[in-house]
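Scroll down for the structure; my scribbles are underneath it.
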């Protein structure tokens, strides 16, 4: 499937990626050729095939709903690019 | 001292031939000499000298107190995809260029408990997306066999560091061939275990249903020693499987007579370089000499593995990488005008080209109206690929073929054509899609460059694969060869 510039801009917006004009052109070519590769899957009829959810058919393990982690808020907050009083700082969202 | 294998170092420490501080210092000196200088290999992103020497001293004290294990005081390195509490963990990305994790990955913790000595964090393709190590934000890694060539990827730093004898072993991860392909290109032994064998907790996720950690070593005996400590059931990884961890070193010398080896015709296609095919077939004939039976087989859906992989891996990566948003950790752009600008510019500036390419493919494949045509279709193809393997394993014990279609290629040779780069993983991807264990061992040379023999086993057959690889290494010397100038 060949993508046009608008498709690429739309995908970039969904993916929250700012792209330069040059990048848009480059990705238009790259993504189109990757999709062409991927579409080789369509040559096979898979109507009666069960999708594989897990290689060894393992199911999700459950655990008791109890607190297992200790509170390390300050340690975790130290990774943030901007923070104040234990809160993440971002540009103003609501006027 | 650097020519000692991991196993020999463990034995040397136990015998008191040298201390952990001595051997740690020796390897640190080599890293300083061969890795960081101009024209160096660049296999490390971070070298943790002080921490390593402190841990080595503690290991020597532990040994003196009589509490040493096989791993106490043994130096090694972690791929920079494993979170290390208090030590920079970049995943090869500008996005995590300042990320100091507040916790250890379970694999990291497993080594710490044994008193092993980590020398640093190895270079890698950005977020493990690449087959040449050229997508690292911290620069490419040179192949010690030929510095104009790539070491393979994404675990190219781990492979180059072990091949250059800068560390005796390193951890690595494999989503589509990222342990086996660099192992092949650097003349090493690399093993991707069964999906669920090693914990993924704290191993920065690329494609969660494919990612698996494993060892990068010089021989199968060392890989067994690594896998003993890397494997564990982990409550903190919901896909970890509660399966007993055998002592992988205990069965290395089992008799392999009578084992049946399948050669899929799809792994020896007509366009495969004849010298590559001949080298791999010669290696396989060694098993015949040891009493194994060779059988031609077919894995008819092999040609669908790359198309399915380039849906599953990008789709899962686009979801996994959505956490990198410039808010809670990692890179943030300068002066964002609003929240949307903060997200888009932090991600646009923080991610490299290949990562953005895959995030976009994945975003597209998962977007409204396309899920069935792409992700669901790919999951169905995975079933077909797995069924091929299951049918084959009714008749054979192991499957063998080349690890990669070519030896290490030149730096820059495939960077302009993403699809050409993706075809590098033609023989390794199917095992990830099926969740099977795969391994690469040195098979000989093509154009004076090492090439790998791939061994694929059934689920949980890592012991058998290490056994058969070790027996091969008892009668061949490919794994003992070192790059020129490394001695």
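List of remarks:
- Rg/Rg_ref, the stretch B:1-151, where Rg_ref = 2.2 N^0.38 Å and atoms are Cα: 1.07
- Exposure proxy ranking for B:135, B:122, B:293, B:403, based on other Cβ atoms within 10 angstrom of each Cβ and starting from the fewest, stands as B:293, B:135, B:403, B:122.
- Eigen-decomposition of the gyration tensor built on the alpha-carbon atoms of chain A gives equivalent ellipsoid semi-axes of 38, 31, 11 angstrom, largest listed first.
- Across the stretch A:1-84, the mean sequence separation of Cα contacts (distance under 8 Å, 6 or more residues apart), normalised by length, yields a relative contact order of 29 percent.
- Cα-based Rg and Dmax for the stretch B:113-216, where Dmax is the largest Cα-Cα distance (Å): 12.7, 39
- Ordering B:383, B:328, B:323, A:73 from the fewest to the most neighbouring beta carbons within 10 Å gives A:73, B:323, B:328, B:383.
- Arranged from fewest to most other beta-carbon atoms within 10 Å of their beta carbon, A:46, B:48 become A:46, B:48.
- Relative contact order for chain B: 17 percent, from Cα pairs under 8 Å spaced at least 6 residues apart, divided by residue count.
- Our note on the geometry: Cα centres of the stretch B:173-207 and the stretch A:1-21, 31 Å apart.
- Inverse of mean 1/r across different Cα pairs in the stretch B:341-406, Kirkwood, Å: 15.5 Å
- Globularity ratio of the protein assembly as shown, using Cα Rg and 2.2 N^0.38 Å: 0.93
- Per-residue mean of C-beta atoms belonging to partner chains within 10 Å, peptide B:357-366: 6
- Span per principal axis, largest first, for the Cα atoms of the stretch B:224-263 (Å): 40, 23, 15
- Globularity index of the stretch B:188-233, i.e. its alpha-carbon radius of gyration over 2.2 N^0.38 Å: 1.14
- Fraction of antiparallel bridges per DSSP, chain B only, in percent to nearest 5: 70 percent
- Mean-position separation - Cα centroids, the stretch B:296-375 and the stretch A:44-95, in angstrom: 17 Å
- Bridge type composition, the protein assembly as shown - antiparallel percent by DSSP, nearest 5: 75 percent
- Using all pairs of distinct alpha-carbon atoms, the Kirkwood hydrodynamic radius of chain B works out to 22.2 angstrom.
- Cubic angstrom per residue, convex hull over Cα atoms of the stretch B:211-289: 166 Å³
- In terms of overall dimensions, the C-alpha atoms belonging to the stretch B:303-378 reach 46, 23, 17 Å along their principal axes, ordered largest to smallest.
- Contact order relative to length of the stretch B:303-378, as percent, for alpha carbon pairs under 8 angstrom and 6 or more apart: 45 percent
Each value in this text was obtained by applying a stated rule to the coordinates, not by laboratory testing. The structure displayed is predicted, hence computed values, not measured ones. Counting neighbours? That spans all protein chains shown, and the Cβs are built from the backbone with ideal geometry, glycine included.
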